[in-house]
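What follows is a short report on a single structure.
Derivation of every value follows stated rules applied to the coordinates shown; laboratory data play no part. Here the structure is a predicted model, which means the values were calculated and not measured. Every residue, glycine among them, receives a Cβ derived from its backbone with ideal geometry; neighbour counts consider all protein chains shown.
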Amino acid sequence: MNLLDIGDVVAETGIRASALRYYEEIGLIASVSRHGLRRQFEPDVLLQLKLITMGQSAGFALDEIAGMFGKGGGPDLPRAALHEKADAIDRQIRELTALRDTLRHVADCPAPSHMACPTFRRLVALAGRRGPRRKSGPVRPGRNATVKPA
């Protein structure tokens, strides 16, 4: 069996060694041995890390992602949770599309001032009714607030 040194995993995935150690600490991945002080991983860890990265990109927290791995470390994906997250991403896409369209309208509006534009005033009024935004969008890999460097 060809084990991967932690340095090999870093080179292959771009994930920092400190994040790998943290993932191991919280049980997301597991090293199988050590070569000196360096952790050794089975090649399957690369798939696990891709799934972790994909889950983070979709906005799942690390504890949610941990629940998506079966006993052997393989994926055991909860379809209902995936549908819910996809629906949340669809909502975010609609919101971002409306925001993009608003920005383009404001940038191209021929009115002498933005406040003289009835469309702009209507959009501002609608924006004020939404209330505070909740965080529901995708999180980029390596920027998940629940990840702390080891």
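Amide H to amide H, which residues 5 or more places from Ala58 or on other chains are under 5 Å from it, using H placed in the peptide plane?
Placed amide hydrogens put Val139 under 5 Å from Ala58.
With label points built 7 Å along Cα→Cβ from the Cα atoms of Ser18 and Asp108, find their separation and express it in nm.
It is 4.5 nm.
Apply the Karplus parameterisation 6.51 cos²θ - 1.76 cosθ + 1.60, with θ equal to phi minus 60°, to every residue of segment 108-120 and state each ³J(HN,Hα) to the nearest whole Hz, in sequence, with x for glycine and proline.
Once θ is set to phi - 60°, the couplings for segment 108-120 become 9, 4, x, 4, x, 9, 4, 6, 7, 8, x, 5, 4 Hz.
List every residue whose amide H lies under 5 Å from the amide H of Phe69, counting only residues 5 or more places away in sequence or on a different chain, with H placed 1.01 Å from N in the peptide plane.
Asp76
In terms of modelled amide H atoms, which long-range or inter-chain residues lie less than 5 Å from the amide H of Arg39?
The answer is Ile6.
Under 1.5 on a/c is rounded, so check that first for segment 4-66, then, if it is not, pick prolate when a/b is larger than b/c and oblate when it is not; a ≥ b ≥ c are the square roots of the alpha carbon gyration tensor eigenvalues. Intermediate results must be reported in sequence, preceding the final value.
Values: a/c = 2.13, a/b = 1.73, b/c = 1.23.
Since a/c reaches 1.5 and a/b is larger than b/c, the shape of segment 4-66 is classed as prolate.
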